[in-house]
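A short worksheet on the structure shown next.
The values are calculated or read from the model by the stated rules, or taken from the named source; none is laboratory data. In this text the structure is predicted, and so the values were computed from the model without any measurement. Heads up, the Cβs are rebuilt from the backbone with ideal geometry, glycines too, and the neighbour counts pull from every protein chain shown.
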Amino acid sequence: MPENFEIAHIWIFWLLPLPLLIYWIFPALRMKSASLSMPNFKKIEEYTGVKPRKSALVKKRNLLNWLGLWVIWILILCTLASPQIVEEPELKVKTSRNFLVLADLSFSMAETDWVIDGKRSRRWDAVKNVMHDFIGKREGDRMGLIFFGSSAYVQAPFTSDLNTVNQLLDEADVGMAGQMTNIGKAIVKGIEMFEQDTIKTKVMLLLTDGVDAGTDILPLDAADLAVKDSIQIYTIGIGDPAGRGSDLDENTLMEISDMTNASYFRAIDAERLDQIYEELDALEPIEYEEEEFKPTTLLYYYPLGAALIVTISMIFFNSLISIFKIIRNRSKDV
């Protein structure tokens, strides 16, 4: 018997002696049969002084029938008791926050100064490659995507379907949102997305390799609006600020993260970016709660099927006996 075998309603077996109680409390079924008329029956009654009583035949069952009925009764009780195999309770991921990724798609993300598997690669391709793994590990968070350049637009609204988020990430490419970098506009677009949702814990992940070139709203002003809405903004600077042609504004990214009680990271290559995602997982861990539902395999159909088989066997066996008796009686008459 497996260790995880359980009987859901063990109290059902208290009904085991029920047939005996019924047998003792209620009288047996009496079957009337034809009787012979005796011409001197009245005289015998007067002579003996004994009054006749009504009588009937109580049909007896053989031992095999009694045994079969008991087996059927026990199997029915086993069915009602609901035997089952109960697996260990699973840890269900608790949807605890909206996690919004703001990714820079300006022209500078097309620089081929990163290396993947020994080959030079565009910054965006490297970021996208690592981001797929990160998104896949965020099961439990509702993920969203905003891409920005000169303007910002929503690529994926908040959803728990991470496969869809990954697919929409694949469809994006450098230049889709314009050639410049407007960080402030991207943050404001993210705030608007959060305002339309009810989950209180709100986290942004801002990835950029450039300096803000927007004129509509400054990044720090946008960060101040995020603070009022209790939004954390983790920032990741892509590339080496000391490298040739880099215009990464680390000071602004640090201030944004400090203002929103988050952290800033510098990703100079794909390996470091992967490490950053691991650090983010530690800072914003997935929250689990034990699910009350346990995976259960019901086994009631086994005793139920056995009861049906025993019942059919008894009917077949009794029918054979009846046919045998009829044949035997007819042979005697002949």
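When the residues of region 184-207 are filtered to those that are in contact with a Gly (Cβ under 7 Å, 6 or more places away or on another chain) and buried (at least 20 other Cβ atoms within 10 Å of the Cβ), which remaining residue is farthest from residue 264 (Cα to Cα)? Let's see the steps before the verdict.
Taking region 184-207 and keeping what is in contact with a Gly (Cβ under 7 Å, 6 or more places away or on another chain), we get 184-185, 193, 204.
Retained after the next criterion (residues that are buried (at least 20 other Cβ atoms within 10 Å of the Cβ)): 184-185, 204.
Values: 184: 16, 185: 19, 204: 12 Å.
Residue satisfying both the conditions and the ranking: 185.
Going by what's in this entry, would residue 67 be described as farther than 30 Å from residue 196 by Cα, surrounded by fewer than 11 Cβ atoms within 10 Å (Cβ to Cβ) and modelled with pLDDT of 75 or more?
Details: farther than 30 Å from residue 196 by Cα: yes; surrounded by fewer than 11 Cβ atoms within 10 Å (Cβ to Cβ): no; modelled with pLDDT of 75 or more: yes.
Here the answer is no, as residue 67 does not meet what is asked.
Among the candidates 152, 172, 177, 110, single out the residue that is over 22 Å from residue 233 (Cβ atoms), of a type in the set (A, V, I, L, M, F, W, C) and touching a residue at least 24 places away in the same chain (Cβ under 8 Å).
Numbers: 152 fails: over 22 Å from residue 233 (Cβ atoms); 172 fails: over 22 Å from residue 233 (Cβ atoms); 177 fails: over 22 Å from residue 233 (Cβ atoms).
After applying the criteria, what remains is 110.
Does any residue of region 289-296 turn out to be surrounded by 13 or more Cβ atoms within 10 Å (Cβ to Cβ) and either at pLDDT 80 or above or polar (S, T, N, Q) (or both)? Working first, answer last.
First, the residues of region 289-296 that are surrounded by 13 or more Cβ atoms within 10 Å (Cβ to Cβ): 291, 294, 296.
Right, trim to either at pLDDT 80 or above or polar (S, T, N, Q) (or both) and you get 296.
Yes: one or more hits.
In region 142-181, what residues are among the hydroxyl-bearing types (Ser, Thr, Tyr), assigned to a loop (DSSP other than H, G, I, E, B) and under 22 Å from residue 97 (Cα atoms)?
Step one: of region 142-181, the residues among the hydroxyl-bearing types (Ser, Thr, Tyr) are 150-151, 153, 159-160, 164, 181.
Next, only the ones that are assigned to a loop (DSSP other than H, G, I, E, B) stay: 150-151, 160, 181.
Result: 160, single match.
On the stretch given as region 213-230, residues that are crowded, with 23+ Cβ neighbours inside 10 Å and either more than 19 Å from residue 202 (Cβ to Cβ) or not small (Gly, Ala, Ser) (or both) total 1. Restricting attention to region 98-141 and to residues that are over 19 Å from residue 161 (Cβ atoms) and in a loop (DSSP other than H, G, I, E, B), the residue that is modelled with the highest pLDDT turns out to be 105. Of 262, 307, all but one fail to be more than 21 Å from residue 144 (Cα to Cα), modelled with pLDDT of 85 or more and surrounded by 19 or more Cβ atoms within 10 Å (Cβ to Cβ); the exception is 307.
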